[in-house]
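I have placed the structure first, in the form of structure tokens, so that the comments after it can refer back to it.
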Amino acid sequence: MFGTQSKRDLALELQAQFPILRPSIHARRANLTVKFQDLYGFTVEGNVDDVNVLNEVREKVRQQGRVWWALEASKGANWYLQPQFSSLSEGIALKSSLKFSALANAITLKKLIRKGIPPVLRPKVWFSLSGAAKKKSTVPESYYNDLTKAVEGKVTPATRQIDHDLPRTFPGHPWLDTPEGHAALRRVLVGYSFRDSDVGYCQGLNYVAALLLLVMKTEEDAFWMLAVLLENVLVSDCYTNNLSGCHVEQRVFKDLLAKKCPRNQNTGLQLIWKRWSLMSPLLLLSGSCVFFLKACLQRQLCGCGMSFSMRGQRFFFMQLWLYLR
Amino acid sequence: MSYAYLFKYIIIGDTGVGKSCLLLQFTDKRFQPVHDLTIGVEFGARMITIENKPIKLQIWDTAGQESFRSITRSYYRGAAGALLVYDITRRETFNHLASWLEDARQHANANMTVMLIGNKCDLSHRRAVSTEEGEQFAKEHGLIFMEASAKTAQNVEEAFISTAEKIYKKIQDGVIDISNESYGIKIGHETHTTSSGGRDGTSSQAGSCCS
């Protein structure tokens, strides 16, 4: 993985250097748009200044990644899972100190996550903190393989729709838009459509699953992330046949908005209402999760995706509020 | 840009029939063989001219999958025109037209102009619905009908514009009360100075004075 990434980074740096080398006035520079691929293979367009900022961010992210790898190397792979035994080894004292250290760890963890999870650690951190790991551990090891095997060759309205939508999921992406990528995405989506036949397949899930595949690296982990998102994190029925969950969300947010900023108070708030009325269905739909994951990954706001999967709705509403402002 | 009227359109029809591609062809004059899937609703706009009047079309492009109908329904209200699209190579998309139309009749204003479009007519070798059937359906339900291709751009422009012409005619005939916003028409400030030779100034001023 590292090999390909560094190659990609190199290409990016070369691309980015090209316009920088040209002596041009600031205004012209800002108008020059450059196309490049981000961390997850999406083509992004930006002007030179954007690229420079992104490069800085990327360099920081890389440094951060190195620090993490070094830490892992020095402490062993799953160091954070082992409780930290201090010199106190008596029964009650140990118990309370464990509790205390768990609390302290949780606070530290929250702080760390807010600062952003380094991309290399995202698969691991998302998987364990979202509850996907726990969900997976409640079923036999072979669950995913058995599921994909059992549903192979079955045709339902959901699978037909999935087949129709595979090429329409991020067309042009270097991995997703290949037979290999289509096959992986198909297995995840079809598998899930059988796991929860109430949801089956709803358009939009394809984007979520595709992004999860890109982040999680393995298909099985992506499947469990999808499961935990739909079953635990999001409002239930978000993606069932009439999207009732989405309608609920929309109403709840509207009520919250009414409470926080009563209409006709001042022009600024009116503007927010105007934006809301225009965009409400747009946002909440592509919203619930797709919109976020996409924006989060592409802008490399590392913490975003994680906070979302940890705290679900509350976080979603908070972000939506920020967005409207 | 200033306009005399703004018409709100909605594009409906089964998933994958080419709704977004029709819109892209109309607004950007280009075709994307594999278009991203539409989630919820998307949006496009373009200026056209009818009888020397600049008219802005504001077009809402909806998601076709059944589950999304509960959301698209809220977009019928306040639409002046609807493009109901099916795919001539997929019979089932034609069979579902009646249920789309029922939705439209239930949730839209009674004066909404509906245009039926048989899309992908460049793929005539894979045709599963004949032109006559399309015509027949349109006649039975009082729709305007056209076969079009978002790929070759055939009839795309015509479809959007002839719908606008029909709406415009309804305004002229007084069928539509333009002061009522639920009809999907807004009157703009026509500030630009077209020394139009075709018509005398009376009608073009009508738009600006009553707004």
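The values are calculated or read from the model by the stated rules, or taken from the named source; none is laboratory data. Keep in mind that what you see is a predicted model, and the values were worked out from it rather than measured. Ideal geometry is used to build each Cβ from the backbone, glycine not excepted, and the neighbour counts take in all protein chains shown.
Summary table
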| read-out | value |
| --- | --- |
| Filter result for the condition that a residue is of a type outside the set (D, E, K, R), under 16 Å from the mean Cα position of the chain (by Cα) and at positive phi, over B:GLY142, B:GLY118 | B:GLY142 |
| Residue match in the range A:231-245 (condition: within 11 Å of chain B (Cβ to nearest Cβ) and under 24 Å from A:TYR40 (Cβ atoms)) | yes |
| Failed criterion for B:GLU42 (all others in (1) of a type outside the set (Phe, Trp, Tyr); (2) modelled with pLDDT under 85; (3) not in a strand (DSSP E or B) hold) | (3) |
| Single residue of the range B:45-63 satisfying the filter (of a type in the set (A, V, I, L, M, F, W, C) and in a strand (DSSP E or B)) that is nearest to B:HIS189 (Cα to Cα) | B:ILE55 |
| Verdict on B:ASN95 being closer than 21 Å to B:ILE171 by Cα and more than 18 Å from the chain's Cα centre (by Cα) | no |
| Residue tally, condition of a type in the set (Lys, Arg) and either within 14 Å of chain A (Cβ to nearest Cβ) or over 16 Å from the mean Cα position of the chain (by Cα) (or both), over the range B:37-65 | 1 |
| Odd one out for B:THR89, checked against (1) under 14 Å from the mean Cα position of the chain (by Cα); (2) outside any helix (DSSP H, G or I) | (1) |
| Residue in the range A:216-224 that is within 18 Å of the chain's Cα centre (by Cα) and within 11 Å of another protein chain (Cβ to nearest Cβ) present | no |
| Test result for B:THR113, under 15 Å from the mean Cα position of the chain (by Cα), under 25 Å from A:ASP237 (Cβ atoms) and β-branched (Val, Ile, Thr) | no |
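For (1) surrounded by 22 or more Cβ atoms within 10 Å (Cβ to Cβ); (2) aliphatic (A, V, I, L, M); (3) more than 26 Å from B:LYS53 (Cα to Cα), each residue gets a yes or a no:
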position: B:GLN106; (1), (2), (3): no, no, yes
position: B:MET115; (1), (2), (3): yes, yes, no
position: B:ASP122; (1), (2), (3): no, no, yes
position: B:VAL129; (1), (2), (3): no, yes, yes
position: B:ALA153; (1), (2), (3): no, yes, no
position: B:ILE171; (1), (2), (3): no, yes, no
position: B:GLY174; (1), (2), (3): no, no, no
position: B:GLY184; (1), (2), (3): yes, no, no
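Each row is one residue, and each column tells you yes or no for (1) out of contact with any Cys (no Cβ under 9 Å at 6 or more places or on another chain); (2) buried (at least 24 other Cβ atoms within 10 Å of the Cβ); (3) within 14 Å of chain A (Cβ to nearest Cβ).
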site	(1), (2), (3)
B:THR15	yes, no, yes
B:SER67	no, no, yes
B:ALA80	yes, yes, no
B:HIS96	yes, no, yes
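Results for (1) within 14 Å of chain A (Cβ to nearest Cβ); (2) part of a loop (DSSP other than H, G, I, E, B), shown as yes or no for each residue.
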{"site": "B:SER2", "(1), (2)": "no, yes"}
{"site": "B:LEU24", "(1), (2)": "yes, no"}
{"site": "B:THR27", "(1), (2)": "no, no"}
{"site": "B:SER70", "(1), (2)": "yes, no"}
